[in-house]
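Q: First the structure, which I've put down as structure tokens, then a few questions once you've had a look.
The values are calculated or read from the model by the stated rules, or taken from the named source; none is laboratory data. Small disclaimer: the values here were computed from a predicted structure and weren't measured. Glycine gets a Cβ as well: all are built from the backbone with ideal geometry, and neighbour counts include every protein chain shown. What goes into the accessible areas is simple: the full protein's heavy atoms, side chains included, and nothing from ligands, DNA or RNA. Shrake-Rupley method; radii C 1.70, N 1.55, O 1.52, S 1.80 Å.
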Amino acid sequence: MSYIAKSTFHHAKLPVNELGLTERDYEGPLSSLCAGCGHDSISAAIVQACHEISIEPHRIAKLSGIGCSSKTPNYYLQKSHGFNSVHGRMPSIATGANAANKDLVYIGMSGDGDSASIGLGQFCHAVRRKLNMVYIIANNGTYGLTKGQNSAMTDFGSKSKKGDENPFEAIDVANLALQLGATFVARSFSGDKSQFVPLLKAAIAHRGFAVIDCLSPCVTFNNHAGSTKSYDFVRDHNEALNRADFVPMKEEIVTQYAPGSSKEVCLHDGSVLHLHKLADEYDPSDAVEASYYLQKKQREGKVLTGLIYVNTDSPDLHEIINTVDKPLNQLGITDLCPGSKTLQNINESFC
Amino acid sequence: MRVVQEVNSNSKLNEFVIKFANVNGTGSASANHLFAKSIFRMGVPVSPRNIFPSNIQGLPTWYEVRVSEKGYLGRKEIVDIMVAMNPQSFQSDVDSVEPGGYLLYDSTMPLDLSKYREDIHWIGIPITEICIREFSNPKQRQLFKNIVYVGALVALLKMNFSIVKNLVKDQFSGKEKLITPNVFALELGYQWVKENVSVPFSIRVEQSNKLDNKILVDGNTAAGLGCVYGGATVAAWYPITPSTSLVESYDKYCERLRIDPGSGKKKFAIVQAEDELAALGMVIGASWNGARAFTATSGPGVSLMTEFLGLAYFAEVPVVLFNVQRGGPSTGMPTRTQQSDLLACAYASHGDTKHILLFPANPTECFELAVAAFDIAERFQTPVITLSDLELGMNDWTTDKLEWDDEEQYDRGKVLSKDDLDSLDNWGRYNDVDGDGIGYRTYPGVHPDKGAFLIRGTSHDAFARYSERGDDYVEGMERLQRKFATAAAALPVPVIRSARQQSLYGVIYYGTTDPAMDEALDLLAEKDIELDAMRIRAFPFREAVFAFMEHHTRVFVVEQNRDGQMRTLLINEGDINPAKLTSVCHFDGTPITAQFIADSISLSLEELIPSVQPSKSRVSKKGA
């Protein structure tokens, strides 16, 4: 992991957002990932999305597990606190962090091994608990840091660099998340920023568990012919469900869409997501149909991308467990300690 | 009814052990508790113990009550009165009664007493018959059997009946319609004895006044309450015996005391995790984010948590963890007690790791050390593991009242505010600016431009930047060592009980060995064996612990595990000559007894004194 600071020099006309910040204010030190790594594109997309929606960097907490994917929080949002935890365990760290302070935006970064192999249990339970967070899986279908082993998300039959076909079935985390009650499920491709960035913005605005399975090729160990996670394969087999335009809360909607060609999704902070239908029959508000459609397209060998499912009516963990509005980490001794008189009464109950 | 010829001549006033043998899941627990608490209300020290199987319904379960005017509350391995309500265990229950003792049994079905021992008093009460006659509801017929025998005991032991009846009223306040039938059932047993039993009963309970400022409570309840008072807002846990009731206590008192009156919303969050590992992850996440958070578990949970304990140690995140120990290894004896997780906790996780341990010895200390654990964890930015056990966590203890000073403030440790950060130019998370090994923390979201860093379990320099440089690593690891030394001097001091005259011999013990040790020291003193005693309350050890070992030629280390884990820890941390420390180990899953300790120590000293043999001696038995 690098801590080499990037030059702060930038073009005088580098655009500033509503907070007066440039994209540079959302970046981190230089990446030490391989040149051309899909994960660097994910980092860049996070920088772009956060800058464009004018979120204060220090209001974000970035979390990760272990692996190439999980190194990336070092490379974006250097003004945000981050937690590079242990392998497959980021969801529990995020759960506790969120329980302590509901007011921050939590962006979790994980990988296919981190989430679907070693961390599958924790991933599933974070989804079930409807934790309010963005959970990105940088999915390259391989273990990069240990040089190219299969993960639980490596597709059946996909060839390793050595030429072996994967004999085991892959776990589809997007479909799994759907079944476990995730309220925002998307799949995208790190090589398609125009699709990925609006989805990221919407995921941040969404209240609830927002998972984005982002195909992110590993240029060193999994970008060869026969791999189903290579740049070429994903480009050739990508079938986009929809194309999203994210309109932040404060902006006026100016674009006109032909009736029936798009669907509006109002998000919790008042932002609107315009979904332009690309697949005629597809309805992203029906989890059962979405699950079926995902499996169907997978059988056809397609890589389905876009917003797969969204539900803006579901409560998040804090609503379910009914915590006070003020973040728990801001309560002081007067809020928390019942005092000596109460303790005397409690003592009486033990007599 | 059969009476032994020689009635036990020693009349036992307020000094005896009664044991109830029941079938799990038949409602005996609340009746037995009623009995024990009635004695407590009569001002007599009492220590009840549940001896239960890992089962919900059907297997044998026992409830043992030691009544001691003298205040000896450790387990005593004799039975003066047996209430034998379980046919499955009947024969062994009969066998366990002291000669001259009493056995109460249900005589509804005729029992051929000629088949059984003659040296105890047999008191048959037709309990089932009474209940069938007096109650129509089948459930009541079952449940009130237990209350009937309590009523019978009240008469036999000449207890103050109105105290027992008032206790029933208190216990069912809010469920008034249950009071009348319960009191009625008590009367049934009471009257039956009055009308039918003419045997002289040599054991009595008499009103006393030994319990000023005392309460009757279990350690888990007290520890859960300590978490409320200590300001914990996030509890993450996974159910496991014997720790479950700790989080349930926190939940219960939070529901009562931590609800915002305006909105009805909760000033706490409890998350039941998918496993213990995740539970600790949640605690780490919440602590990192500035909340006081805790989890409670037992040995198997600690095994899972070791991964995260290493992270919290190395990344320096406060953790409050309660380990209510049970019999190990593996699943071990889930419903039996032991002190066998010391080493697993002291050095939990791979690499060079060490953790702060606290050893409460009674429910009052469970409360106090729970509160203290949050201050210590935040002051030293590291895990604090409180080692209780099943004996303490799940049994009611006669213990000092819980106290709180309203002037108390939480010690949140070194945390930088926004203003602090504004005035600092060169802050580094792990910079040891004060020389005590403790850096300054920041919470996420505190400042728009300053104080953010990426916390990690990978090696890092003083500025929290990833570093594989040897000198950065060594500097960090040595600072952690320095921090540990700082902690040692700030942890709870050991409790010392000095011998009446100067002694060459010392004894070190901790946790629930405490009540048995008090009694054992008295038993030894009766044989003119005088020892200085030290009860350790925390790890890392304070200087006083090493000085104690220095000042004695021989030190017994009494503990409830096979391997003498405290002894190992003392030798390892204090560079002590192993020959100086003699292990006294009790580990059959039952609480250690005074007799066992006294016998072991006097035997060892007998061997020791004539020969003055310094070789490592070891007293270790599978129970007594």
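Q: Most mobile of A:Asn222, A:Asn175, A:Asn17 per a Gaussian network model of chain A (Cα springs, under 10 Å)?
A: A:Asn17
Q: What FRET efficiency comes out for A:Lys250 versus B:Glu407 if R0 is 60 angstrom and r is the Cβ-Cβ distance? Round to the nearest 0.05. Show your work: numbers first, answer last.
A: Numbers: r = 48 Å, r/R0 = 0.81.
Between A:Lys250 and B:Glu407 the formula returns 0.80.
Q: Continuing with this model, one more query. How much accessible area per residue does region A:23-321 have, in Å², with a 1.4 Å probe?
A: With the other protein chains kept in place, region A:23-321 gives 36 Å² per residue.
Q: Follow-up question, since we're still on this one. What spacing in nm lies between the two simple spin-label points modelled at B:Val199 and B:Gln88, each 7 Å away from Cα in the Cβ direction?
A: A separation of 2.6 nm, rounded to one decimal place.
Q: Among A:Gly148, A:Gly163, A:Gly119, which one shows the biggest mean-square fluctuation in a GNM of chain A, springs joining Cα atoms closer than 10 Å?
A: Among A:Gly148, A:Gly163, A:Gly119, the largest GNM mean-square fluctuation belongs to A:Gly163.
Q: So, counting K/R as plus one and D/E as minus one, what does the shell of residues with Cβ under 11 Å around A:Asn311 add up to? Don't skip to the answer; put the middle values down first.
A: Values: positive: A:Lys130, A:Arg207; negative: A:Asp286, A:Asp313.
The answer is 0.
Q: Continuing with the same structure: For chain B, what log10 I(q)/I(0) values come out of the Debye formula at q = 0.05, 0.08, 0.09 1/Å, with one point per alpha carbon and no solvent?
A: Taken in order of the listed q values, log10 I(q)/I(0) reads -0.26, -0.64, -0.79.
Q: Highest mean first, what order results for B:453-465, A:292-304, B:249-261, A:194-206 on Cβ atoms within 10 Å?
A: On the way: B:453-465: 20.2, A:292-304: 15.2, B:249-261: 17.6, A:194-206: 24.2.
Most protected by this proxy first, the peptides run A:194-206, B:453-465, B:249-261, A:292-304.
Q: Quick one: give the max-minus-min coordinate of the C-alpha atoms of region B:341-395 along each principal axis, largest first, in Å.
A: So the extents along the principal axes, rounded to whole Å, are 37, 24, 12.
Q: Please identify which residues in region A:151-177 have an amide N closer than 12 Å to a label point set 7 Å out from the Cα of A:His224, following the Cα→Cβ vector.
A: Output list for this probe position: A:159-165.
Q: Right, next: Report the accessible surface area buried between chains A and B, summing both sides, using a 1.4 Å probe on protein heavy atoms only, in Å² rounded to the nearest 100.
A: Details: alone 16770 and 26120 Å², together 37440 Å².
Interface area, both chains combined: 5400 Å², rounded to the nearest 100.
Q: Set the Förster distance to 35 Å, then compute FRET efficiency between B:Thr180 and A:Ile320 from the Cβ-Cβ distance, nearest 0.05. It would help to have the intermediate numbers written out before the result.
A: Details: r = 41 Å, r/R0 = 1.18.
My answer for the efficiency is 0.25.
Q: Further question: With both bridge residues required to lie in the protein assembly as shown, what share of the DSSP beta bridges run antiparallel, to the nearest 5%? Please list the in-between numbers first.
A: Values: 48 of 138 bridges.
If I count the DSSP bridges inside the protein assembly as shown, around 35 percent turn out antiparallel.
Q: Among A:Lys79/A:Lys102; B:Lys450/B:Lys483; A:Lys6/B:Lys414; A:Lys6/A:Lys79, which pairs are too far apart, with a Cα-Cα distance over 22 Å?
A: Pairs exceeding 22 Å: B:Lys450/B:Lys483; A:Lys6/B:Lys414.
Q: Summarise the partner chain shielding of A:340-346 as one whole number: the mean count of Cβ atoms from other chains within 10 Å of each residue's Cβ. All intermediate terms of the calculation are to be shown ahead of the outcome.
A: Details: counts 8, 2, 6, 9, 4, 0, 13.
Across A:340-346, the average partner-chain Cβ count within 10 Å equals 6.
Q: I've got another one for you. Could you tell me whether region B:21-122 comes out rounded, prolate or oblate from its Cα gyration tensor? Rule is a ≥ b ≥ c as square roots of the eigenvalues, rounded for a/c under 1.5, then prolate if a/b exceeds b/c, otherwise oblate. List each step's numbers first, then the result.
A: Values: a/c = 1.92, a/b = 1.26, b/c = 1.52.
Oblate is the answer for region B:21-122, as a/c is 1.5 or above yet b/c matches or exceeds a/b.
Q: Same structure again: On average over all directions, what projected area in square nanometres does the protein assembly as shown have, based on the convex hull of its Cα atoms? Present the calculation step by step, with values, prior to reporting the outcome.
A: Details: hull surface 188.4 nm².
Across all orientations, the protein assembly as shown yields a mean hull projection of 47.1 nm².
Q: A follow-up question, please. Enumerate by residue number the trypsin sites (Lys or Arg not before Pro) in region B:60-104 meeting two conditions: DSSP loop (anything except H, G, I, E, B), and at most 13 other Cβ atoms within 10 Å of the site's Cβ. Mind dumping the intermediate values first?
A: Details: sites: B:Arg66, B:Lys70, B:Arg75, B:Lys76; in loops: B:Lys70, B:Lys76.
Within region B:60-104, the qualifying trypsin sites (Lys or Arg not before Pro) (loop, at most 13 other Cβ atoms within 10 Å) are B:Lys70.
Q: Take every Cα pair under 8 Å in chain B that's 6+ residues apart, average their separations, divide by the length, and report that relative contact order as a whole percent. Before the final figure, lay out each step's value.
A: On the way: 1303 pairs, mean separation 71.2, N = 624.
It rounds to 11 percent for chain B.
Q: So what does the Cα-only Debye profile of chain A read at q = 0.14 Å⁻¹, as log10 I(q)/I(0), no solvent term?
A: Log10 of I(q)/I(0), two decimals: -1.14.
Q: So how tilted is helix B:276-288 from the main axis of chain B? Cα-based, degrees 0 to 90, rounded to 10.
A: 50
Q: Okay, helix-only estimate at 222 nm for chain A: each DSSP H run of n ≥ 4 adds -39500 (n - 2.57), divide by all residues, round to 500 deg cm²/dmol; what do you get?
A: Details: 11 runs with 99 residues, N = 351.
So the calculated ellipticity at 222 nm is -8000 deg cm²/dmol.
Q: Return the calculated 222 nm mean residue ellipticity for chain B, to the nearest 500 deg cm²/dmol, obtained by summing -39500 (n - 2.57) across DSSP H runs with n ≥ 4 and dividing by the residue count. Working shown, then result.
A: Numbers: 19 runs with 231 residues, N = 624.
Taken over chain B, the calculation gives -11500 deg cm²/dmol.
Q: Right, something else. Could you work out how much longer the chain between B:Ala485 and B:Phe463 gets when fully extended? Use 0.36 nm per residue separation minus the Cα distance between them, nm to one decimal. Before the final figure, lay out the partial values.
A: Values: separation 22, 0.36 × 22 = 7.92 nm, distance 2.24 nm.
So the extension gain works out to 5.7 nm.
Q: Right, here's the next one. Between the DSSP loop rule and a limit of at most 10 other Cβ atoms within 10 Å, which GluC sites (Glu not before Pro) in region B:364-434 are left? Walk me through the numbers before you get to the answer.
A: Details: sites: B:Glu365, B:Glu368, B:Glu378, B:Glu391, B:Glu403, B:Glu407, B:Glu408; in loops: B:Glu403, B:Glu407, B:Glu408.
Answer in residue order: B:Glu407.
Q: Along the Cα→Cβ direction, 7 angstrom out, place labels at B:Glu206 and A:Lys6. What is the inter-label distance in nm?
A: Going from the B:Glu206 label point to the A:Lys6 one covers 8.7 nm.
Q: Right, something else. Please compute the modelled spin-label separation between B:Asp260 and A:Glu264, points set 7 Å along Cα→Cβ, answer in nm with one decimal.
A: Rounded to a tenth, the inter-label distance reads 3.2 nm.
Q: Can you give me the long-range amide H partners of A:Gly108? Hydrogens built in the peptide plane at 1.01 Å from N, cutoff under 5 Å, separation of 5 or more residues or another chain.
A: A:Leu63, A:Val134, A:Tyr135, A:Ile136
Q: Would you work out what percent of the accessible area of region A:23-321, with all protein chains in place, is carbon or sulfur (probe 1.4 Å)? Show your work: numbers first, answer last.
A: Values: 5310 of 10770 Å².
Using a 1.4 Å probe with all protein chains present, region A:23-321 comes out at 49 percent carbon and sulfur.
Q: Can you check what the net charge comes to around A:Leu33, using other residues whose Cβ is under 13 Å from the Cβ of A:Leu33 (Lys, Arg +1; Asp, Glu -1)?
A: With Lys, Arg at +1 and Asp, Glu at -1, the net is 0.
Q: Assuming R0 = 60 Å, can you tell me the calculated FRET efficiency for the pair B:Asp434 and A:Lys296, based on Cβ-Cβ distance, to the nearest 0.05?
A: 0.45
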